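Notes for the one structure printed next.
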Amino acid sequence: MTETVLALKDARLTLAGNAGPVDILRGITLDVARGETLGLIGPSGSGKSSLLMLMGGLERATGGSVKALGQDLTAMDEDALARFRRGNMGVVFQSFHLIPTMTALENVALPLELAGKQDAFARAEAELRSVGLGARMDHYPSQLSGGEQQRVALARAAAPRPAILLADEPTGNLDGVNGAAIMDLLFGLHDRHGATLVMVTHSPDLAARCSRVVRLADGRIDALEAAA
């Protein structure tokens, strides 16, 4: 029997706006299986990134429920959510979010250190080598290209071996060549570590590599289909 690692039931997100409450997500019901690759697509403003943030506990649902690995994220306080993410999730953003005063190696080792891993730097080094940055480990983010910075972000997300890997437009700030390389690395990490991968993308090529695609429109699921 396939294990469900993410389960949303009538999940809603309403935020305060200048003109009053704004309904961002309008009742999302969705199950994601262990090891699945799921693409979230749709026009700008359709709720893709907000849905990803709910799955990661980075936004709190204002209605319905969001469960990850059987745990109800909507019932956790911020500290519990942070601990849960640290132990179970890796998140990759479009804009890298590296710490500028830390080297690539230190950026990747940090979440491992926070998780109490004694071999944090050895694991960080191995992960950086796996994304082709063995010669750039002592460089700071400002000394790295955009593609290299995203490789560091991927290594940082993957190093703790998370059960769930979330990616928000991981190729959005990159040119075609670097974007394709990051795409290959992302799916390579999924293949090697078996993490469930959920990504927001505007790229038809990236979405087509996922086992399923969810199309959002106006905060609702418009279509759910296997990728071609």
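The values are calculated or read from the model by the stated rules, or taken from the named source; none is laboratory data. Given the structure is predicted, the values throughout are model-derived calculations rather than measurements. FYI the Cβ positions are ideal-geometry reconstructions off the backbone, even for glycines, and counts take in every protein chain you see. We work out accessible area using only protein heavy atoms, side chains counted, and drop any ligands, DNA or RNA first. Shrake-Rupley method; radii C 1.70, N 1.55, O 1.52, S 1.80 Å.
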Candidate residues LYS117, LYS9: accessible-area rank, largest first, probe 1.4 Å: LYS9, LYS117
Cβ-based net charge around GLY219, under 14 Å, with every Lys or Arg adding one and every Asp or Glu removing one: 0
Size-normalised alpha-carbon gyration radius of region 1-66, reference 2.2 N^0.38 Å: 1.17
Dipole-positive endmost among VAL91, VAL152, VAL177 within the chain (Cβ charges, Cα centre): VAL91
Acute angle (nearest 10 degrees) that the helix 104-114 long axis makes with the longest principal axis of the chain, alpha-carbon atoms: 60
FRET efficiency, ALA180 to LEU224 (Cβ-Cβ, R0 30 Å, nearest 0.05): 0.70
Among beta bridges that DSSP assigns inside the chain, antiparallel share in %, nearest 5: 60
Residue of LEU15, LEU185, LEU40 that the Gaussian network model of the chain assigns the largest fluctuation, springs spanning Cα pairs under 10 Å: LEU15
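So how strong a dipole does the chain carry about its Cα centre when Lys and Arg Cβ are +1 and Asp and Glu Cβ are -1, to the nearest 20 debye? Write out the running numbers ahead of the final one.
Working: 22 positive and 26 negative charges, 54 e Å.
So the magnitude is around 260 debye.
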Convex hull of region 86-216 built on C-alpha atoms - directionally averaged projected area, nm²: 7.5
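From the P(r) of region 1-131, can you give the percent of Cα pairs sitting at distances over 17 Å? Provide the component values of the computation, followed by the final result.
Numbers: 5655 of 8515 pairs.
Within region 1-131, distances greater than 17 Å cover 66 percent of Cα pairs.
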Largest to smallest accessible area among PHE93, PHE84 [probe 1.4 Å]: PHE93, PHE84
Binned Cα-Cα distances of the chain, short to long, each 10 Å bin given as a whole percent: 8, 33, 36, 20, 3, 0
Stretchable slack from GLN143 to THR2, in nm (0.36 nm times residue separation minus alpha-carbon distance): 46.4 nm
Amide H partners (placed H, <5 Å) of ASP222, local residues excluded: ARG215, LEU216, ALA217
Nearest-ten-degree value, helix 146-158 long axis tilted from longest Cα axis of the chain: 80
Residues of region 159-189 with amide N under 12 Å of the 7 Å Cα→Cβ point at ALA126: 159-161
